[in-house]
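Following: one structure in structure tokens, then a few remarks.
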Amino acid sequence: MLTFKLTNAANRLMTKAAEVALVDGQPCFIATPHIFLGIVDEGVIARQLRKKFGVTYEDVAEIVDTLEFEPTDFTSIEMRLESHALVVMQKALSDSFKYREVRTDPKRILVSMLLLLDDDAELQEVFEKLNAKGIQLDKSKLLNLFVPERTAENTR
């Protein structure tokens, strides 16, 4: 059994991700766009994203509702995470241990998502559709906002 030690805020975001991943009222697999939707729902990071980039929960929810997730991409585990979402959560957890954090928080999850963005077609599609709406989310700018000590060169 895979267990993630999450902060209360991270637990709330994963609960929100699970809620929006429901299909016809039945639990489905959580994909990275669902996790991103949980991140922009509430809290400090959501406020920073709204203030700096103008991204809102409603904007992301509208896009996520249009996405079709391929069942072949899913990995079955207790949290019911889609395979890329599982990789993101494992990276966030690993980085938390690396930096001696007791629990993984939403910021660590978001940073892991951004670092792995190049391999995540579904989340890239969310970002592209937000950009088309005039919400300019850029991986380097986001990383610099949430991890200021990183330079754009370090994020490639």
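Observations, loosely collected:
- Full extension of the segment from E68 to T15, taken as 0.36 nm per residue of separation minus the current Cα-Cα distance, would add 17.0 nm.
- The simple Förster model, with R0 at 22 Å and r as the Cβ-Cβ distance, assigns E101 and R47 a FRET efficiency of 0.55.
- Residues T66, T56, sorted so that the one with the fewest Cβ neighbours within 10 Å comes first: T66, T56
- Derived scalar couplings ³J(HN,Hα) [the stretch 53-66; Karplus, 6.51 cos²θ - 1.76 cosθ + 1.60; whole Hz; x for Gly, Pro]: 10, x, 7, 10, 4, 4, 4, 5, 4, 4, 6, 4, 4, 8
- Spatially proximal lysines relative to K51 (Cα-Cα < 18 Å; intrachain offsets below 8 disregarded): K107, K133, K139, K141
- What the Cα atoms of the stretch 8-155 give is an Rg and a Dmax of 14.4, 44 Å.
- For the stretch 111-151, the list of GluC sites (Glu not before Pro) that fall in a loop by DSSP and count at most 14 other C-beta atoms within 10 angstrom reads E149.
The numbers here are math on the coordinates, done by the rules we state, and not lab data. Quick caveat: nothing in here was measured; it's all calculated off a predicted structure. No Cβ is skipped: glycine too gets one built from the backbone with ideal geometry, and neighbour counts run over all protein chains shown.
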